[in-house]
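*Asks:* The structure's right below; bear with me while I get my questions together.
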Amino acid sequence: MAKVAFLGLGVMGYPMAGHLAKAGHEVTVYNRTTAKAEAWAKEHGGGHAATPREAAAGCDFVMSCVGNDDDLRSVCLGEDGAFAGMEKGAVFVDHTTVSAKVTRELHDAAAAGGIAFVDAPISGGQAGAENGALSVMCGGDEAAYDAAQPVIDAYARICRRIGESGAGQMTKMCNQIAIAGLVQGLSEALHFAEKAGLDGRAVVEVISQGAAGSWQMSNRYETMIDDKFEHGFAVDWMRKDLGICLDTADEVGASLPVTALVDQFYKDVQKLGGGRWDTSSLVKRLRAMG
Ligand SMILES: NC(=O)c1ccc[n+]([C@@H]2O[C@H](COP(=O)([O-])OP(=O)(O)OC[C@H]3O[C@@H](n4cnc5c(N)ncnc54)[C@H](OP(=O)(O)O)[C@@H]3O)[C@@H](O)[C@H]2O)c1
């Protein structure tokens, strides 16, 4: 069993850190809002620290799941950052969805201090984090990945190293690109069913068993039909991710016309007040348009 720190106890991080404690690791948590760290320590019996540096001190592994590029920099770097507390040979594993650029920057900064940095973004949503069934896509040095994988396994259904530093984040971009068009397609199908006077539940019962079936269809159709979106993966986060995908597409010369269009549709959802709604709220935008 390892000595592990977990930084960022949000929708995803809180249950992920819980799985580490349940697996028997010695876990210390840090959260910007201390009340959440106190609640976690009370529930799981681990320790909590006032700064990322303090949480990371003496740990074999430091995991993070914060918001965006700047948030990740702020928990890694500086006087109170995790890198300042980590010993040579320790491994930092980042689960935040960020750009490959900041990942490589932090990988190199960590390497200068003898620390390994593995990018390990996740897919599977809140339910995947709570059930310990996430897909984890990794980039970084092979030896560091091999050391971290048994720890990550506490909350993973599948964990794979795709390549060198940044490859995990590039894979997560593929995931978000694939989801964007898919959720819009599902929204259009359910909107069409409503307008045509069909029973949406009956429609999904049959088409989900055929070629149109998907995770989004199976897990989101009921709340989409019921017009409920106060759960799941926030539109604000999705726009952050699609921004990363579109910027990176320019760098690598990929063409993403549907992703760019769906990003604009999510902008409309934000204007409807849906920044924290689940990404399946694209159907609400269609309803709002009549
Ligand atoms: N939710 C999902 O379904 C899902 C799925 C896959 C990937 N992701 C990705 O996973 C990451 C976290 O998502 P989430 O849904 O768990 O978000 P969340 O519930 O908003 O939690 C974000 C966490 O990051 C912390 N944080 C934010 N900025 C910080 C900063 N500057 N310094 C220190 N801590 C900071 C927050 O602390 P406070 O408590 O103080 O605010 C909170 O603990 C995001 O990159 C998201 O895109 C999310």
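The values are calculated or read from the model by the stated rules, or taken from the named source; none is laboratory data. Here the structure is a predicted model, which means the values were calculated and not measured. Cβ: placed from backbone, ideal geometry, glycine included. Neighbour counts: every protein chain shown.
*Asks:* List pairs: first residue in segment 36-54 and of a type outside the set (Ser, Thr, Tyr), second residue in a loop (DSSP other than H, G, I, E, B) anywhere in the structure, Cβ distance under 7 angstrom, at least six positions apart or on different chains.
*Replies:* Going by the 7 Å Cβ cut-off, the qualifying pairs are Lys36/Leu9; Ala37/Leu9; Ala37/Asn31; Trp40/Leu9; Pro52/Asp80; Pro52/Gly81; Arg53/Asp80; Arg53/Gly81.
*Asks:* Here is a further query. Among the listed residues Ala49, Ala57, Ala90, Ala112, identify the single one that is in the same structural domain as Gly10 (by TED's automatic domain parsing) and within 16 Å of the ligand (Cβ to nearest atom). Even if it seems obvious, please write down each step before you answer.
*Replies:* On the way: Ala57 fails: within 16 Å of the ligand (Cβ to nearest atom); Ala90 fails: within 16 Å of the ligand (Cβ to nearest atom); Ala112 fails: within 16 Å of the ligand (Cβ to nearest atom).
None of the others qualify; the one that does is Ala49.
*Asks:* Of all residues in segment 199-227, which are under 28 Å from Val98 (Cα atoms) and free of Cβ contacts under 8 Å to residues at least 12 places away in the same chain?
*Replies:* Trp215, Ser218
*Asks:* Would you list the helices (runs of 4 or more DSSP H) that sit entirely within segment 10-76 and hold 1 or more residues that are of a type in the set (Val, Ile, Thr)? I'd like the intermediate steps shown before the answer.
*Replies:* Values: elements: 13-22, 34-44, 52-56, 69-76.
Fully inside segment 10-76 and qualifying: 34-44, 69-76.
*Asks:* Take the residues in segment 1-18 that are surrounded by fewer than 23 Cβ atoms within 10 Å (Cβ to Cβ) and more than 19 Å from Glu87 (Cβ to Cβ), then tell me which one is farthest from the ligand (Cβ to nearest atom).
*Replies:* Let us first name the residues in segment 1-18 that are surrounded by fewer than 23 Cβ atoms within 10 Å (Cβ to Cβ), namely 1-3, 10-11, 15.
Still in the list and also more than 19 Å from Glu87 (Cβ to Cβ): 10-11, 15.
Working: Gly10: 2, Val11: 4, Pro15: 9 Å.
Going through the qualifying residues, I end up with Pro15.
*Asks:* Looking only at helices (runs of 4 or more DSSP H) that lie completely in segment 182-284, which have at least 2 residues being within 30 Å of Arg104 (Cβ to Cβ)? Spell out the reasoning first.
*Replies:* Details: elements: 200-207, 215-225, 235-252, 257-271.
Here the list reads 235-252, 257-271.
*Asks:* Restricting attention to segment 72-87, report how many residues are within 13 Å of the ligand (Cβ to nearest atom) and in contact with a strand residue (DSSP E or B) (Cβ under 9 Å, 6 or more places away or on another chain).
*Replies:* Applying the first criterion (within 13 Å of the ligand (Cβ to nearest atom)) to segment 72-87 yields 72-78, 80-82.
Subset that is in contact with a strand residue (DSSP E or B) (Cβ under 9 Å, 6 or more places away or on another chain): 72, 75-76, 82.
Here the count works out to 4.
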